[in-house]
Amino acid sequence: MLSPVMRWISNQTWSSIMFRSLRRWLCSRHHSLCILLILLVVCIAIQTFVTRQTRNDKLTGLPHLRFPVKSSLYPTLQNVWMDTHSESSMAAKPDMRSLQTEQVADLHHQNKDYGKLSDDNLLRSVAEVINIATDSQMKARIASPGKTFLPKQGRKPSLEHPGFSSKRIGKDFNAGPNKRNVNAPTISSFLEAHGNSGPTKANCHPQSHIVFLKTHKTASSTILNILYRYGESRNLTFALPQNKHSQLFYPFFFASHFVEGVSTKSVREFHIMCNHMRFRKSEVTKVMPEDTFYFSILRHPVAMMESIFTYFKSIPAFHTTHSLDEFLDNSWRNYNSSVLNNHYAHNILAFDFGFDNNVAAGAEDLEERATMAIATIERDFHLILISEYFDESMILLKHVLCWSLEDVASFRLNSRSEKTRHLLLPNTAEKIKRWNALDWRIYLHFNTTFWHKVGSVVGQEKLNKEISQLKELQAKLANICLKDGGAVDPSQVKDVGLKPFQYGAAIIQGYNLNPHLDRQMKTKCQRLVTPELQYTDHLYTQQFPEATAKHRQATKIVAPQHHRSDSTAMIGMVQEIEANRRQTIT
């Protein structure tokens, strides 16, 4: 048995051990609590900072800039897939009389002529796969003028898929000093840039910044009327020619100071540009906003040449010939490119788009020039419509611009009477294709791409439905608005303000309005049938009242003097504008 002293010592040692252990445990626990407390404070501080930063970002719009992504690369893959696998791709029945010629011409603008993005292996690989797949599945069919065919087979894909830039050719055949944007605008990219993929979506917003390149004898006057009506009803501003001129000083290359209000800076914003001009993108962009939608329309060169020969019969190239065949048989003898207005007689589409139109069918560089022209148009324009398929074109335009069916409803304007239309022989058609070889190749390409865009943007089922709705709406408007139910010869048009301008050997028809229309309906009907010259004059007067007053005063002073020809007057006006501009700059 332990003595009391030993028991005390033993108990004291055990107590010390217990005390030291307890103190060590408490210190360790205290240390852990301190660490946890510090971590908690740090987390709270970080959370507070992030919350405040997020609030500031929302106020300043920084979330949109925080993670910049080259978004154009990714949607293009989807666009290519949609274009290739569209369930509603369409084709047009070929003209059997010229099938062999069309097939030969079509060989010169295959996918092999177009390069892919050299700095992006992913896009290059996808493009090659798509080209191989589509080349083996689809065949290009060419539109016969004046006939509409809804195809059962898919069409051959575009020569250049949306998002893929064309091969840059060292030799630029554009006749003007025009620097082109290498990023090709496409319908898909345009819709994606504006946050929508079609007018059926809730986030679709109607487009109001528009440039329409008005080509000649392609139903472009009807489209101009559509744009005029749309803009006027919404108080939009038009980029109109200076001094009440009807054209933007065509056939000269477009310059920004040709537009009324640019030099004086009296207009803050232009919404729509749609009068005749010789296109030059670098100058157009000085007038129009960055988000502008660019489109134009083409017509089968054979039908277009027949119309041009009738309408512009008075130009030097046609004046001495009795028939189109006679001109074509001696085309190079009759045609002198240095004579004013003779450009109408040769590759007029290429000329309007800003290219050199003087190229022979047998020229060594014809294919290269055609490839360059097609690639440039692809870059500069979001959409190219086809005149032979006007209803289809309007439905496509409606979807792309996010407009309503009523916005694209129209009556045919600047249209000839059947009395002045002439049937062409098959060999005449072949002569025209050879004479206008550059236009022919441009048309072949965009007739093909048009159907791809119809299929991918609209779809065949919806297209058929909306065409029926459009025709029904136009029939109702004709029944309400038109006294005679349709167009009449100019001698029968009662209202001078609605009588179309007559030029050349063509008989341009017009319309008579029904009497007793209420004020609102009369305004609507008048806009539908007002010819181009009168409508342009009306918009100019409405948009520039002070300039109109000055112009009227100047007209009164000049009236007693001898009259000059329209072309001479235009040249003088352009020279005067250029002189005033130089004086202003200096």
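The values are calculated or read from the model by the stated rules, or taken from the named source; none is laboratory data. On a predicted model such as this, the values are computed, not experimentally measured, just so you know. Backbone-built Cβ (ideal geometry, glycine too); neighbour counts: all protein chains shown.
Here is a check on your reading of the model: is Phe411 in a loop (DSSP other than H, G, I, E, B), among the aromatic types (Phe, Trp, Tyr) and in contact (Cβ under 8 Å) with a residue 40 or more places away in the chain? Lay out the reasoning, then the answer.
Details: in a loop (DSSP other than H, G, I, E, B): yes; among the aromatic types (Phe, Trp, Tyr): yes; in contact (Cβ under 8 Å) with a residue 40 or more places away in the chain: yes.
It is true that Phe411 is in a loop (DSSP other than H, G, I, E, B), among the aromatic types (Phe, Trp, Tyr) and in contact (Cβ under 8 Å) with a residue 40 or more places away in the chain.
Suppose we filter Tyr228, Tyr250 for residues that are at pLDDT 90 or above, out of contact with any Leu (no Cβ under 6 Å at 6 or more places or on another chain) and not in a loop (DSSP other than H, G, I, E, B); which single one remains? Steps first, answer last, please.
Details: Tyr250 fails: not in a loop (DSSP other than H, G, I, E, B).
From the options Tyr228, Tyr250, the qualifying one is Tyr228.
Can you tell which of Phe411, Phe327, Phe390 is within 21 Å of the chain's Cα centre (by Cα), at pLDDT 95 or above and surrounded by fewer than 23 Cβ atoms within 10 Å (Cβ to Cβ)? Show your work before the answer.
Working: Phe411 fails: within 21 Å of the chain's Cα centre (by Cα); Phe327 fails: within 21 Å of the chain's Cα centre (by Cα).
That would be Phe390, the only listed residue that is within 21 Å of the chain's Cα centre (by Cα), at pLDDT 95 or above and surrounded by fewer than 23 Cβ atoms within 10 Å (Cβ to Cβ).
Without any contact (Cβ under 8 Å) to a residue 40 or more places away in the chain, of a type outside the set (Ser, Thr, Tyr), on the phi < 0 side of the Ramachandran plot and touching a helix residue (DSSP H, G or I) at 6+ places or on another chain (Cβ under 8 Å), is that true of Lys476? Write out each step before concluding.
Working: without any contact (Cβ under 8 Å) to a residue 40 or more places away in the chain: yes; of a type outside the set (Ser, Thr, Tyr): yes; on the phi < 0 side of the Ramachandran plot: yes; touching a helix residue (DSSP H, G or I) at 6+ places or on another chain (Cβ under 8 Å): no.
The answer is no for Lys476.
Does Ile384 fit the bill of being within 19 Å of Met304 (Cα to Cα) and among the hydrophobic types (A, V, I, L, M, F, W, C)? Yes; evaluated as a whole, the condition is true for this residue. Can you spot a residue in the range 365-383 that is out of contact with any Cys (no Cβ under 8 Å at 6 or more places or on another chain), aromatic (Phe, Trp, Tyr) and farther than 25 Å from Lys433 by Cβ? No, because not a single residue in the range 365-383 is out of contact with any Cys (no Cβ under 8 Å at 6 or more places or on another chain), aromatic (Phe, Trp, Tyr) and farther than 25 Å from Lys433 by Cβ. Just so you know, in the range 514-556 the residues that are surrounded by fewer than 19 Cβ atoms within 10 Å (Cβ to Cβ) and of a type in the set (Ser, Thr, Tyr) include one that is farthest from the chain's Cα centre (by Cα), and it is Thr555.
Rundown of residues vs (1) basic (Lys, Arg); (2) buried (at least 18 other Cβ atoms within 10 Å of the Cβ); (3) touching a residue at least 60 places away in the same chain (Cβ under 8 Å); (4) in contact with a Cys (Cβ under 6 Å, 6 or more places away or on another chain), yes/no style:
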position	(1), (2), (3), (4)
Ile223	no, yes, yes, no
Tyr230	no, yes, yes, no
Phe249	no, yes, yes, no
Glu260	no, yes, yes, no
Glu269	no, no, no, no
Phe279	no, yes, yes, no
Val284	no, yes, yes, no
Pro289	no, no, yes, no
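Got at least one residue in the range 363-373 being under 23 Å from Phe212 (Cα atoms), acidic (Asp, Glu) and part of a loop (DSSP other than H, G, I, E, B)?
From the range 363-373, those under 23 Å from Phe212 (Cα atoms) are 370-373; that's our starting set.
Still in the running and acidic (Asp, Glu): none.
No - not one qualifying residue is present in the range 363-373.
Pairs meeting the criteria (first residue in the range 506-527 and over 16 Å from Lys476 (Cα atoms), second residue of a type in the set (Ser, Thr, Tyr), beta carbons under 6 Å, at least 6 apart or on different chains) are Ala506/Thr310; Ala506/Tyr311; Ala506/Thr420; Ile507/Ser417; Ile507/Thr420; Gln509/Ser415; Gln509/Ser417.
All told, Asn427 meets the bar of being surrounded by fewer than 19 Cβ atoms within 10 Å (Cβ to Cβ) and farther than 16 Å from Tyr389 by Cα. For Asn336, the stated conditions do not hold, so it cannot be described as touching a His at 6+ places or on another chain (Cβ under 9 Å) and either in contact (Cβ under 8 Å) with a residue 24 or more places away in the chain or not in a helix (DSSP H, G or I) (or both). Taking the listed residues Ala360, Ala370, the one that is under 31 Å from the mean Cα position of the chain (by Cα), touching a residue at least 24 places away in the same chain (Cβ under 8 Å) and buried (at least 22 other Cβ atoms within 10 Å of the Cβ) is Ala370, with no other qualifying.
Set side by side, the residues His382, His346 differ, and just one is crowded, with 22+ Cβ neighbours inside 10 Å and more than 20 Å from Phe252 (Cα to Cα), which is His382.
For the range 457-513, taking the residues that are among the β-branched types (Val, Ile, Thr) and assigned to a loop (DSSP other than H, G, I, E, B), the one that is surrounded by the fewest Cβ atoms within 10 Å (Cβ to Cβ) is identified as Ile507.
Of everything in the range 533-556 that is at pLDDT 90 or above and of a type in the set (A, V, I, L, M, F, W, C), the residue that is nearest to Asn414 (Cα to Cα) is Leu533.
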